């Protein structure tokens, strides 16, 4: 689905990413971890097409349509839940837009909140709205920028379970950047560990679930300032 080939990124004299290479397969759940400020969000922007690499390339299959859910959700407070989810479709010629939004809100569990405004919702509910707005465009690749950092820690596992349900139902590929190491170890198919800036790939791990020895190796690779919650 996606290949990153010797990708590097610099901003004037600041080198952020250095020769990253990895592959992403369909329906993977990939977590990218590394120290704060090492360039993880920049990498997501490059994958989505919002930034260009300085060197290297991103090779992505036709029709994949990657979309990012940002850490702060970026919802519009003057619009209702329904109107926020409808937004990406408003300028498109698509039949039954309203039915499509209504069906998705029901699938996500937001049907009874469709007329609420954003300030009336908890952080967890806002996260669901952001997810619904992303899914309305039917992407095949979902990019998550610290997706659960604004949610109470005790509820993050519940949201990971919900995300995995949605991934399986919609046949999505997911790439997330995160500092939530325990849930990363539990739910990821592959973990990519980045170094301090300029970020390089320190290691790539697969077959992680229920593999205590491999999980210990991942923890040992993390930098001292990596947040483990």
Quiz item: Hey, among 2, 50, which residue is within 30 Å of residue 165 (Cα to Cα), surrounded by fewer than 20 Cβ atoms within 10 Å (Cβ to Cβ) and over 13 Å from the mean Cα position of the chain (by Cα)?
Solution: 50
Quiz item: Where residues in segment 76-95 are part of a loop (DSSP other than H, G, I, E, B) and touching a helix residue (DSSP H, G or I) at 6+ places or on another chain (Cβ under 9 Å), which of them is modelled with the lowest pLDDT?
Solution: 94
Exercise. Report yes if some residue within segment 123-131 is in a helix (DSSP H, G or I) and touching a residue at least 60 places away in the same chain (Cβ under 8 Å); otherwise report no.
Key: yes
Practice problem: Give me a count of the residues in segment 216-229 that are in a helix (DSSP H, G or I) and modelled with pLDDT under 75. | Solution: 1
Quiz prompt | Residues of segment 137-161 classified as over 25 Å from residue 43 (Cβ atoms) and either modelled with pLDDT of 85 or more or part of a loop (DSSP other than H, G, I, E, B) (or both), total | solution = 2
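Yes/no matrix, rows are residues, columns are (1) touching a residue at least 24 places away in the same chain (Cβ under 8 Å); (2) under 30 Å from residue 117 (Cβ atoms); (3) in a strand (DSSP E or B); (4) in the same structural domain as residue 206 (by TED's automatic domain parsing):
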{"residue": "27", "(1), (2), (3), (4)": "yes, no, no, yes"}
{"residue": "51", "(1), (2), (3), (4)": "yes, no, no, yes"}
{"residue": "58", "(1), (2), (3), (4)": "yes, no, yes, yes"}
{"residue": "74", "(1), (2), (3), (4)": "yes, yes, no, no"}
Quiz item: Hey, any hits in segment 204-214 for a residue that's farther than 30 Å from residue 103 by Cβ, in a strand (DSSP E or B) and free of Cβ contacts under 8 Å to residues at least 40 places away in the same chain?
Solution: yes
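The values are calculated or read from the model by the stated rules, or taken from the named source; none is laboratory data. Everything numeric here is computed off the predicted structure, so don't read it as measured data. For neighbour counting, all protein chains shown are included, and Cβ atoms are generated from backbone atoms with ideal geometry for every residue, glycine included.
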